[in-house]
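The values are calculated or read from the model by the stated rules, or taken from the named source; none is laboratory data. These numbers were taken from a predicted model, which means no experiment stands behind them. With ideal geometry, Cβ positions are generated from the backbone for all residues, glycine too; neighbour counts draw on all protein chains shown. The protein model used for the area step is the full one, side chains on, heavy atoms only, and it has no ligands, DNA or RNA in it. Shrake-Rupley method; radii C 1.70, N 1.55, O 1.52, S 1.80 Å.
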Amino acid sequence: ETGVTQTPRHLVMGMTNKKSLKCEQHLGHNAMYWYKQSAKKPLELMFVYSLEERVENNSVPSRFSPECPNSSHLFLHLHTLQPEDSALYLCASSQGLAGVYEQYFGPGTRLTVT
Amino acid sequence: GQQVMQIPQYQHVQEGEDFTTYCNSSTTLSNIQWYKQRPGGHPVFLIQLVKSGEVKKQKRLTFQFGEAKKNSSLHITATQTTDVGTYFCAGGGTASKLTFGTGTRLQVTL
């Protein structure tokens with residue numbers, strides 16, 4: 001499945017680093033999402049974008065900064081992260097907003113903060 | 001806020017046995033979706049249920065949406081090793097939000 005791609009697939013960063021995660025969807029969808037998946041926790045919705053506008057921000061710390069330059073691309077900018085931010089970060093897209101449409105997930109970026 | 005719980009958290013079955021996971025929401029849902037995540041993989045959409053009391057089948061998988069639209073179940077008949085993974089339900093509430101359940105991890109051995 002290559003409908004939603006994410007880079008990098010793995011990332012190790014120190015707490016003082018700045019890095020960005022990239023997501024691209026090739027499905028012509030209008031909505032994109034960032035999720036955090038930690039061990040023993042349910043998928044946590046972080047941000048929702050619809051037609052490049054942020055429609056939801058689930059009380060995410062400001063050290064995570066999303067950017068959606070167009071409906072096909074989504075970025076998550078990371079700075080001064082904490083070790084507890086280590087997790088799998090999943091990007092997803094859907095035709096419309098997720099309450100109605102199924103979501104297509106990318107393979108994720110496995111992030112380790114040292 | 002809306003919470004979606006699943007039970008059991010983990011189940012280990014012998015190949016050929018049946019398996020059921022249950023999903024319960026604290027609020028009434030507009031719809032319920034089910035996803036499967038293989039080990040090391042990402043969630044993949046399986047199905048969506050919208051109507052109260054709806055039942056849908058996909059080969060050995062049977063999905064049900066409760067009459068009150070607050071619970072759902074996924075039943076797998078005669079499990080196979082290819083069924084291994086974590087099954088998530090996800091409840092649709094407000095237009096932009098899909099709340100994922102806690103997931104049930106299924107292990108199948110020969």
For the range B:6-63, the Debye formula with one identical point scatterer on each Cα and no solvent gives log10 I(q)/I(0) at q = 0.12, 0.22 Å⁻¹ as -0.36, -1.20
hull vol. (C-alpha, convex hull) per residue for the range B:71-110, Å³ -> 76
Carbon/sulfur fraction of accessible area - chain A, other protein chains in place, 1.4 Å, %:
49
Which whole-number value in Å³ per residue fits the convex hull of the alpha carbons of the range B:54-94?
82
With N set to the number of residues, divide the alpha-carbon radius of gyration of the protein assembly as shown by 2.2 N^0.38 Å and report two decimals.
1.02
For residue A:18, which aspartates and glutamates qualify as cross-link partners when the Cα separation must be under 15 Å and same-chain residues fewer than eight apart are set aside?
A:67, A:85
Please report, as a whole percent, how much of the solvent-accessible surface of chain B comes from carbon and sulfur atoms (probe radius 1.4 Å).
52
Please compute, for peptide B:38-49, the average count of beta-carbon atoms on other protein chains lying within 10 Å of each residue's beta-carbon.
4
Straight-line reach check, residue B:69, cutoff 13 Å on alpha carbons, 8 or more apart in-chain or any other chain, hits among aspartates and glutamates -> B:54
For the range B:37-110, with every protein chain kept in place, what is the accessible area per residue (1.4 Å probe, Å²)?
45
Just to check, using Stokes-Einstein with a Kirkwood Rh over alpha carbon pairs, what's the diffusion coefficient of chain A at 20 °C and 1.002 mPa s in µm²/s?
154
Flagged links, alpha-carbon separation over 30 Å, of A:19/B:70; B:57/B:97; A:40/B:70; A:22/B:97
A:19/B:70
1/(1 + (r/R0)^6) with r = Cβ-Cβ of residue A:27 and residue B:30, R0 = 30 Å, i.e. FRET efficiency to nearest 0.05, evaluates to 0.85
Could you name the lysines in cross-link range of residue B:59, using Cα to Cα under 20 Å and dropping any fewer than eight places away on the same chain?
B:36
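Quick one: which of A:65-71, A:8-14 comes out on top by average Cβ neighbours within 10 Å, and what's the full order, highest first?
With the highest mean Cβ count within 10 Å placed first, the list reads A:65-71, A:8-14.
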Kirkwood Rh and Cα Rg combined as Rg/Rh, chain B:
0.96
